[in-house]
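Data block below; observations after.
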Amino acid sequence: MPTQNELTKRKEEHLRLCSSEAVAFKNLSSGFEHYSFIHYALTEVDIDSIELKSDFFGTEVNYPFFISCMTGGTADSVNINLKLAGAARRLNIPLGLGSQRYALGNNNFNDHFNRIREVAGDIPLIGNIGAAQVVEPDFIENLEKLIETSHIQAFAIHLNPAQELFQKEGETNFSGLLTAIARIKKSVKIPLIVKETGAGISAQCADELLWVGVDMIDVAGAGGTSWSGVEILRNGGDNSHDFWDWGLPTAYCVRTINELRHRYDFALTASGGINSGMEVAKALALGADFTSSARRVLRALNEKGEAGVVEMAEDWFDTVRKVMFLTGSPTLDEFRMGKIVRKEELI
Ligand SMILES: Cc1cc2nc3c(=O)[nH]c(=O)nc-3n(C[C@H](O)[C@H](O)[C@H](O)COP(=O)(O)O)c2cc1C
């Protein structure tokens, strides 16, 4: 069990490394470049009437987009979370909190969570814990307290076996994980999200998660931040390592998990290498209900503060509106149906 100091130091190193481009995938992309939109010359869409408002588990938000879980537990991350909360409030979108492991069974962080809620106003907050904590015996009892004190509306469990495998202090025993997730789903009253952290979720994996009742799959696929890469760098390695590019591209995860809709009612989030408005648009057209970004948001925050995050997201959704206009899609629901093809089909 790591001490609070060790957790803090690790989080600081993650933030430092993720504030650079050094942790990007090297030869594996998120896969969106393989797709093109079907231009529709006879569009009758009024671009000003396009509605992007979306439903996040019963709360209306302005865009099908949220800020991915990133930080928490360190002095720097308190400030980052407050700024992200401010940006998310201005955009009226949900905000994911970084791993709350540091606050499990520990009341010292209640003030931190109160401050985030104050700055965030009424936007949905998403709590977050890793798979390694979920399998611990007293987890559910601690989780119920955490949900109450951190004022969250949904809870995300992150699966990160590739990261743990290459982390010096990593956990490599996840036995009982799916059973633990099923138990959490039964006992917790708020929606349950399961996300990866940049290596993606396969359709088979999603099928098992949906079978036990998970409400949202957030694919967090490959092509953006490589978390095996982050840990390889922490160990003194570099991007020539065999496992640097480990994972399933985001576009592949979205397309294949979307095919499970005929069997389950669930929400699907495309994340992992969502770094532009075009990528957001392609992810939505491939069937995602929501899109989400982590490191690109951190970069916007580092460069231009809270306003930079707001500007970036508004610019991305301006692009989405233009694509919807040019594909003859008056609503997001229509945009998700048959507006995109693999490039080889255009030959
Ligand atoms: C600085 C930083 C810290 C992160 N910490 C967490 C975390 O605590 N919990 C989590 O589920 N994911 C965490 N992630 C992973 C992201 O939520 C996301 O799944 C991953 O980075 C892929 O998205 P991206 O390509 O947009 O960065 C973190 C990402 C970054 C950049």
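The values are calculated or read from the model by the stated rules, or taken from the named source; none is laboratory data. All figures in this text were calculated on a predicted structure; none of them were measured in a lab. Ideal geometry is used to build each Cβ from the backbone, glycine not excepted, and the neighbour counts take in all protein chains shown.
Only residues that are touching a Lys or Arg at 6+ places or on another chain (Cβ under 6 Å) and assigned to a helix (DSSP H, G or I) were counted across region 302-332, and they come to 2.
The lone criterion from (1) touching a helix residue (DSSP H, G or I) at 6+ places or on another chain (Cβ under 6 Å); (2) of a type in the set (Gly, Ala, Ser); (3) within 10 Å of the ligand (Cβ to nearest atom) left unmet by residue 203 is number (3).
Picking from residues in region 280-321 that are among the charged types (D, E, K, R) and within 13 Å of the ligand (Cβ to nearest atom), the one that is nearest to residue 51 (Cα to Cα) is 296.
Conditions tested, residue by residue: (1) over 15 Å from the mean Cα position of the chain (by Cα); (2) at pLDDT 95 or above.
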site	(1), (2)
188	yes, no
203	yes, yes
213	yes, yes
225	no, yes
232	yes, yes
241	yes, yes
249	no, yes
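For region 207-258, the set of residues classified as hydroxyl-bearing (Ser, Thr, Tyr) and in a helix (DSSP H, G or I) consists of 228, 250, 252, 256, listed by residue number. Selection of first residues in region 127-154 that are over 12 Å from residue 192 (Cβ atoms) and of second residues that are among the acidic types (Asp, Glu) and outside any loop (DSSP other than H, G, I, E, B), restricted to Cβ pairs under 9 Å at least 6 apart or on distinct chains, gives the following pairs, ordered by first then second residue: 130/164; 131/164; 132/164. Considering region 1-38 alone, what residues qualify as being surrounded by fewer than 11 Cβ atoms within 10 Å (Cβ to Cβ) and at pLDDT 95 or above? Scanning region 1-38 gives a single hit, 27. For residue 271, the requirement of being surrounded by 24 or more Cβ atoms within 10 Å (Cβ to Cβ), within 23 Å of residue 18 (Cβ to Cβ), within 13 Å of the ligand (Cβ to nearest atom) and small (Gly, Ala, Ser) is met. Within region 128-137, none of the residues are in a loop (DSSP other than H, G, I, E, B), more than 30 Å from residue 236 (Cβ to Cβ) and at pLDDT 95 or above. Of the residues examined, residue 257 is not one that is within 21 Å of residue 70 (Cα to Cα) and in contact with a helix residue (DSSP H, G or I) (Cβ under 6 Å, 6 or more places away or on another chain). Here residue 96 qualifies as in contact with a strand residue (DSSP E or B) (Cβ under 9 Å, 6 or more places away or on another chain) and either buried (at least 19 other Cβ atoms within 10 Å of the Cβ) or over 24 Å from residue 194 (Cα atoms) (or both). Against the conditions (1) crowded, with 19+ Cβ neighbours inside 10 Å; (2) at positive phi, residue 206 satisfies every one except (2). Counting the residues of region 1-60 that are aromatic (Phe, Trp, Tyr) and over 23 Å from residue 275 (Cβ atoms) gives 2. Within region 82-101, not a single residue is over 19 Å from the mean Cα position of the chain (by Cα) and within 14 Å of the ligand (Cβ to nearest atom).
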